[in-house]
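> The structure is given below, and queries will be raised subsequently.
No value in this document is a laboratory result; all are computed from the given coordinates. Keep in mind it's a predicted model, so treat the numbers as computed, not measured. Here Cβ is always computed from backbone atoms with ideal geometry, including for glycine, and neighbour counts include all displayed protein chains.
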Amino acid sequence: MHDPSYPGLSPPCRYCIDVAPIRVVVGDDETLIRRALIAFLHDVDDMEVVGEAADGEAAVHRCISLRPDVVLMDVKLPVKDGVHATRDIVEQRPGTRVLALSTYSAGRSLVPVLRAGASGFLVKDTEPEDLFVAIRTVHGGGHAFSPCAASSLVAAVRSLDAAVCPEPLQEDEQLSERELAVLQLLAQGMSNAEIARHLHVGETTVKSHLGHVMRKWGARDRVQVLIRAVRAALVRLG
């Protein structure tokens, strides 16, 4: 039996399991790379490619109509680039997580695509298994970065830390003492579990504090929280 959407590929056993697969849209203008990604994902039991796009405008339309869980987004798409397409998807289809892809090691597109709402950034020489882990991570609400992208992000935020004038918090953005303590540990690179152990509280409590901060600041994720905290001179990245 063949998948009618992608002739020549036999559907794996994911259709026989109870857990719904992660629905993925692949956005890349290079046909060879796009088809390779589709072929890789086709053999993963907990993932299902539901659509593809060769430009940013098409990627936005696919996400709105197909409602995928994750979209793999090349940052250099034609018609509408990956940054603008990411912003549109996050605004119009907030349930879809964007995992940005680039041929280059981060470069100037990293920070803009994260500000637009992407949940991760991978270079295209990433091993397939690492790609699968990244898709599962962003689908679960986390963030995923290639090592070079993570290094570039830290460098970018550190330069922001050193260069910008503080942007004080507004009255309704002020944090409690415990929320600030959580942010300071987050800025040191600690995970939720590590923060919980350090503060002698439950991990659920840490997540609750971070959720309160995100709502106060209108932040989508931990990356945006850290950028805002640095701009407000509340933390320094350690």
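> Please report, in whole Å, how far the alpha carbons of region 165-231 spread along each principal axis, starting with the longest.
Cα extents, longest axis first: 32, 21, 20 Å.
> Just rank ARG197, ARG108, fewest to most, by other beta-carbon atoms within 10 angstrom.
Ordered by Cβ neighbours within 10 Å, fewest first: ARG108, ARG197.
> Under 15 Å from the Cα of LYS124, which aspartates and glutamates turn up, not counting those fewer than eight places away in the same chain?
Counting by Cα, and skipping residues close in sequence, LYS124 has these aspartates and glutamates nearby: ASP28, ASP29, GLU30, ASP74.
> How would VAL201, VAL83 line up from fewest to most surrounding beta-carbon atoms within 10 angstrom?
Ascending number of Cβ neighbours within 10 Å: VAL201, VAL83.
> Then there's this: What are the lysines whose alpha-carbon lies under 26 Å from the alpha-carbon of LYS216, with same-chain residues fewer than 8 places away excluded?
The reachable lysines, counting only those whose Cα sits under 26 Å from LYS216, are LYS207.
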